[in-house]
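The values are calculated or read from the model by the stated rules, or taken from the named source; none is laboratory data. This is a predicted model, so every value here is computed, not measured. Because the Cβ atoms are built from the backbone with ideal geometry, glycine has one as well, and the counts that use them run over all protein chains shown. What goes into the accessible areas is simple: the full protein's heavy atoms, side chains included, and nothing from ligands, DNA or RNA. Shrake-Rupley method; radii C 1.70, N 1.55, O 1.52, S 1.80 Å.
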Protein chains: 4
Amino acid sequence: MEMKMDKAALEAFLVRDFPQAAGDYKFVEVAPPYVTMALIASDRHLRPGGTVSGPTMFGLADVCAYFCILATIGPVGLAVTTNCSIDFMRKPAPGRLVCRMELLKLGRMLAVCEGRIFSENAPDMPVARASLTYSIPPAP
Amino acid sequence: MEMKMDKAALEAFLVRDFPQAAGDYKFVEVAPPYVTMALIASDRHLRPGGTVSGPTMFGLADVCAYFCILATIGPVGLAVTTNCSIDFMRKPAPGRLVCRMELLKLGRMLAVCEGRIFSENAPDMPVARASLTYSIPPAP
Amino acid sequence: MEMKMDKAALEAFLVRDFPQAAGDYKFVEVAPPYVTMALIASDRHLRPGGTVSGPTMFGLADVCAYFCILATIGPVGLAVTTNCSIDFMRKPAPGRLVCRMELLKLGRMLAVCEGRIFSENAPDMPVARASLTYSIPPAP
Amino acid sequence: MEMKMDKAALEAFLVRDFPQAAGDYKFVEVAPPYVTMALIASDRHLRPGGTVSGPTMFGLADVCAYFCILATIGPVGLAVTTNCSIDFMRKPAPGRLVCRMELLKLGRMLAVCEGRIFSENAPDMPVARASLTYSIPPAP
């Protein structure tokens, strides 16, 4: 797929449009239809015991899918999540959590992404999988 | 369904086991198989424009399902979310967000909950719906 | 919600547009936003042991959601399922399977339904729950 | 992952335990954690216009996930589907439909599979994606 925003463009968009979340995420790779992001976990992302919480993993998958779409269609600010199905499969190991998301379908109205979350050192043992649908605003 | 923990018992459990999240949620009603909770939204739950974020709604559904199970089986600390499917349907109106969750199935190993999130003043226009599966630890 | 097609209109639509499936389903009640349909199970719907198969239950939920939408928007032939999340919770008891579906959201482009499948005699012990999204063709 | 049943063993199991469905499916490749199966579509799988129906695609994903698990754990007859999330993304092109399923997690009680359905000649344009959870009976 064509790339309309590269890593630097997505980083600038994240900082400008989501200033309160920008410190939580780091782009690892932008290569449409794939985007890979890492979570910079802080205390408020953790459950007792030091495990990353479910809502934090949901948020990582959600933001990664969003930028997966933007990398391909450009800086459209109004795409919204309409559906997510997520399976939590293993406890995260210590270390950074990474999400690798793939844009599976880009239609006129809907985009579908699918990806996995894993501990940086264990890509073959995914912690979670998620599929998400975004509604895309009609071109003006 | 039988009630093993009432509202006061669930509140005490929330404060003791999830001290960092206890200020975010308020029990509205505990009436198995239903539990209703409200979100006490603060700045970190909001997107630009004042809308409650997707991960925050996911978190509300998740915690409400958890306490829906605990109300029926008692203070078992090890139930974990294995799956969630969530649909975001409308933008939240101003006002408190409420989640009403129902325990649909309580098996030996799995519990399934289903519920809706709505703005306190508009229960007929749900903002989101969610279904969640929890894995329940075997009785000791 | 307004009703654009009543039970007789939906029955006629089913027979005309889905002749090969019309014998499998029966409308029980049409009362938007709810539509209730029963499965007329035959041998090809059953698994060994006489249990209704998963794909048959999926099909029942899917067709019931479709007619739930049509009851409200009228005879639009081009709505298509884009997503379904289904939980199988119990083995069906002997007797007819019934699906009661609710139209939760009807937008310009997307409709979301949620419902339950149960044995006719045991509505409180649902066999399955399902949520479905349909994409609706733009008005001409 | 270890292979407990190869292609010939799975084919024999399919014919013996699901005689009424055996003619609908063909194993393409058995290579744990992946199993690939093709649908032998007949009239009853088709919608008007010759498109494979949603329930038929659901059934293909379901059976492929089942054999994905059996290839790894051996001939256990009692695994049951507890959840499926499926996205329908494109109309199938003419030609055989193929499902490639991956076993993502094999726990003591639950197995999670994820896969895609595509037209044989267009693996890069998936028609559907699905994730499924199976409940596995405890070892005797």
statement: Between the Cα axis of helix C:54-73 and the main Cα principal axis of chain C, the angle (0 to 90°, nearest 10) is 30
Beta carbon of chain C nearest to the axis of the rotation taking C to B, residue and angstrom distance: C:Ser85, 2
message: How big is the dipole moment of segment D:1-76 about its Cα centre under a simple scheme where the beta carbon of each Lys and Arg is +1, that of each Asp and Glu is -1, and everything else is neutral? Debye, nearest 20, please.
response: 140
- prompt: Measuring from label point to label point, each 7 Å out along Cα→Cβ, what is the A:Lys91 to D:Asp17 span in nm?
  reply: 3.2
- prompt: Build a GNM of chain B with springs between Cα atoms under 10 Å: which of B:Val28, B:Val15, B:Val98 gets the top mean-square fluctuation?
  reply: B:Val15
statement: For C:Asn121 and D:Leu78, extending 7 Å from Cα along the Cα-Cβ vector and measuring point to point gives, in nm, a value of 2.5
statement: Asserting the computed 222 nm helical MRE of chain D (DSSP H runs at least 4 long, -39500 (n - 2.57) per run, divided by residue count, to nearest 500) equals -7500 deg cm²/dmol
- prompt: Just in segment B:58-140: which GluC sites (Glu not before Pro) are loop by DSSP and have at most 16 other Cβ atoms within 10 Å?
  reply: B:Glu120
statement: Expressed in Å to one decimal, the Kirkwood Rh of segment C:21-62 from all distinct alpha-carbon pairs is 11.1
query: What base-10 log of the normalised intensity I(q)/I(0) is obtained for segment A:1-74 from the Debye formula, alpha carbons as equal point scatterers, at q = 0.18, 0.28 Å⁻¹?
result: -0.68, -1.32
- prompt: How far, in degrees from 0 to 90, does helix C:7-17 lean away from the longest principal axis of the Cα atoms of chain C, to the nearest 10?
  reply: 90
task: Could you order A:Asp17, C:Asp124 by accessible surface area, starting with the largest, using a probe radius of 1.4 Å?
output: C:Asp124, A:Asp17
statement: Per DSSP, the loop-located trypsin sites (Lys or Arg not before Pro) within segment C:44-140 having at most 12 other beta carbons within 10 Å are C:Arg108
- request: With an 8 Å cut-off on Cα pairs and a minimum separation of 6 or more residues, tell me the relative contact order of chain D in percent.
  value: 24
query: Tell me, what is the percent relative contact order of segment A:76-119, built from C-alpha pairs under 8 Å that lie six or more residues apart?
result: 35
- request: Run through the other copies and list how far each one's label point is from that of C:Gly107, in nm with one decimal, shortest first; the point sits 7 Å from Cα along Cα-Cβ.
  value: 1.2, 3.2, 3.2
field: Along each principal axis, Cα extent of segment C:85-140, largest first, Å
entry: 46, 17, 14
statement: In whole µm²/s, the translational diffusion coefficient that Stokes-Einstein assigns to the protein assembly as shown, given a Kirkwood hydrodynamic radius over C-alpha pairs, 37 °C and 0.692 mPa s, equals 136
query: In square angstrom, what is the accessible area per residue of chain A with a 1.4 angstrom probe?
result: 41
message: Please compute one quarter of the surface area of the Cα convex hull for chain D and express it in square nanometres.
response: 8.0
- prompt: Structure shown: which of D:Lys7/D:Lys105; A:Lys7/A:Lys105; D:Lys26/D:Lys91; C:Lys4/C:Lys105; B:Lys105/D:Lys26 lie over 26 Å apart, alpha-carbon to alpha-carbon?
  reply: B:Lys105/D:Lys26
task: Give, rounded to the nearest 20 debye, the magnitude of the charge dipole that segment D:69-119 has about its Cα centre when Lys and Arg contribute +1 at Cβ and Asp and Glu contribute -1 at Cβ.
output: 140
- prompt: Under a plain spin-label model, where a point goes 7 Å from the Cα along Cα-to-Cβ, how far apart in nm are D:Ala9 and B:Val28?
  reply: 5.3
Electrostatic dipole magnitude of the protein assembly as shown [Cβ: Lys, Arg +1; Asp, Glu -1; Cα centre; debye, to 20]: 0
task: In nm to one decimal, list the spacings between the A:Arg47 label point and its equivalents in the other copies, with label points set 7 Å along Cα to Cβ, shortest first.
output: 2.6, 2.9, 3.9
message: With unit charges on the beta carbons (Lys and Arg positive, Asp and Glu negative) and the dipole taken about the Cα centre of segment B:1-122, which residue among B:Leu46, B:Ala31, B:Cys68 sits farthest to the positive side?
response: B:Leu46
query: Inter-copy label distances at B:Glu2, 7 Å along the Cα→beta-carbon direction, one decimal in nm, shortest first?
result: 4.1, 5.2, 6.4
